[in-house]
Amino acid sequence: MTFLGMPATGPAVTALPASADGPAGQPLDLSILYRGPLASCDYDCPYCPFAKRRDTPGQLRADRAALERFTGWVAERAGTGDTVSVLFTPWGEGLVRSWYRRALVELSRLPHVRRVAIQTNLSCRTGWLAEADLDTLAFWVTYHPGQVDHDRFLAKCRELDALGARYSIGVVGQPEHLAAARRLRAELPPAVYLWINAAEGYTYTDEEAADWTALDPHFGFSRHAHPSAGRPCRTGESVVSVDGDGTVRRCHFVREELGNLYDGSYRARLAPRACPLPVCDCHIGYVHLETLPLYDVFAGGVLERIPHTR
Ligand code: SF4
Ligand code: SF4
């Protein structure tokens, strides 16, 4: 996955109070960012602040149990009127683990699941996709030029193309990645969107930003953090973050808890809310800011980061 989703820091500002009579009892159309305890990865990107852990067998068992509990909860929404979309945002790489592949297949086949997607480095094999519903499944792929050979990575993309799988591909906009990103863009099918994430802590000159914008027309949204304090954000209302214990938060960055998924306590807390943090600098967060036009830009592909039109 990418190194997105680190808790933001900074002075909190007061959130709007949650409605006392939230939408408990009413059917929900909920988007869930799920992040269980898994933290290991088969890559070792120097710019990754996570995934430096080697998960023990016990930690892997716990991650598997948590994921299976979550997918069971989603499956139980059938017939309730709820519809669910899921983006898995693991700290590490999920698709090298059988339980993530199985979760994607199973969720993709449920009629009340509108979308299931995962952030991945795409190092996994692709044969398991034969069992998935590819109208529902999608991938948020990150290309890490220092970790995988160009031809090998491109071959994996071509496998997705041959299967008709939906995916976006991104590159962290480190200066040393520019040549590799240009080469990938030139060889990917034009219809595949290549996104560029601004590198953490790096300030781009206008000339550098123009180079990246030539590859990703939406790079401007990533270049600078978005002021978000007091601005309406869909998280906490139609989008939530869920961890392995079922703890529900509005997003991966705001630590306040809204309740628990499994006892249903989160439902009454779902309500329109303003962002309590000064800025939001991660796509998986600011895509939901109502003051940005990104639900239009990414219409039909908000979770997997596929724009409506390039
Ligand atoms: S692939 Fe993603 S999770 Fe793995 S080391 Fe690289 S940035 Fe970290
Ligand atoms: S803008 Fe939304 S996603 Fe970003 S930190 Fe604020 S509440 Fe979370």
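Summary of computed values
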| read-out | value |
| --- | --- |
| Alpha-carbon radius of gyration plus Dmax, which is the widest Cα pair, for the range 145-287 in Å | 18.5, 52 |
| Fraction of alpha-carbon pairs over 26 Å apart in the chain - percent | 44 percent |
| Coarse-grained scattering of the range 61-200 at q = 0.16, 0.21 Å⁻¹, given as base-10 log I(q)/I(0) from a Debye sum over alpha-carbon atoms | -0.86, -1.28 |
| Rounded to the nearest 20 debye, dipole of the range 150-251 from Cβ charges on Lys, Arg, Asp, Glu | 320 debye |
| Peptide ranges 161-167, 216-222, 35-41 listed from the most packed, as the mean C-beta count within 10 angstrom indicates | 35-41, 216-222, 161-167 |
| For the chain, with +1 on Lys and Arg beta carbons and -1 on Asp and Glu, the positive-most of Ala62, Thr213, Leu87 along the dipole | Ala62 |
| GNM result for the chain, Cα springs below 10 Å: residue of Ala65, Ala181, Ala191 fluctuating most strongly | Ala191 |
| Positive-end extreme of charge dipole, the range 29-297 - chosen from Ala138, Leu277, Val113 (charges on Cβ) | Val113 |
| Assigned charges on the beta-carbon of Lys, Arg, Asp, Glu; the chain dipole about Cα centre (debye) | 440 debye |
| Furthest towards positive pole of dipole, Val254, Gly244, Phe50, structure part the range 29-297, Cβ charges | Gly244 |
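Read-outs: derived from the displayed coordinates by stated rules, not from any lab. Values in this document were obtained by computation on a predicted structure and should not be read as measured data. Here the Cβ is made from the backbone with ideal geometry for all residues, glycine too, and neighbour counts use every protein chain on show.
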